[in-house]
Amino acid sequence: MPDCSLIVVAHAPLASSLVSVANQILGDTGLLMAFDIDLDCDSDSMTRNLLQEVENADRGNGVLILCDLKGATPGNIATRAHLRHAESSLVFGVNLPMLLRGINYMHQHHTGVAKAAIEGACNCITTVE
């Protein structure tokens, strides 16, 4: 079965920056893309564009959408696209550990990749004593 695709959706230029760093760390990350959203964007147009990207990215194992902030413009756009594509998962709070963990589990179905990504993020949020 093909890999799950990952799309990072965030305020510009965060999505591109996270994807760039992931590519620098891991090399070729396969079906990974960035979708940056400007603060002054047309939300309806961006939702259509993101939905098209999600549909094009789905190779049979679904699409995981990692987004920066629930309730903000990127989060609202990501939510609308996710709700229109049944074979997708949406996780908020994207950070580099979440992205790297998701990439390492891309061979799974999007729901499994989402769970692994969340674990990766949570395991790296800690304090140093």
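The values are calculated or read from the model by the stated rules, or taken from the named source; none is laboratory data. All values reported here derive from a predicted model rather than from experimental measurement. Please note: Cβ atoms are built from the backbone with ideal geometry, for glycine as well, and neighbour counts cover all protein chains shown.
Quick look at the values:
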item	result
Top-ranked residue in region 30-72 [being of a type in the set (S, T, N, Q) and free of Cβ contacts under 8 Å to residues at least 60 places away in the same chain; ranked as surrounded by the most Cβ atoms within 10 Å (Cβ to Cβ)]	THR47
Contacts under 7 angstrom Cβ, first residue in region 79-105 being touching a residue at least 24 places away in the same chain (Cβ under 8 Å), partner surrounded by fewer than 16 Cβ atoms within 10 Å (Cβ to Cβ) and charged (D, E, K, R), 6 or more apart	HIS85/GLU55; PHE92/LYS70
Residue match in region 53-63 (condition: in contact with a helix residue (DSSP H, G or I) (Cβ under 7 Å, 6 or more places away or on another chain), modelled with pLDDT under 95 and either closer than 17 Å to HIS107 by Cα or not aromatic (Phe, Trp, Tyr) (or both))	yes
Residue check, VAL21 closer than 19 Å to ILE118 by Cα and surrounded by 15 or more Cβ atoms within 10 Å (Cβ to Cβ)	no
Members of region 20-49 that are β-branched (Val, Ile, Thr), within 14 Å of PRO74 (Cβ to Cβ) and not in a strand (DSSP E or B)	THR47
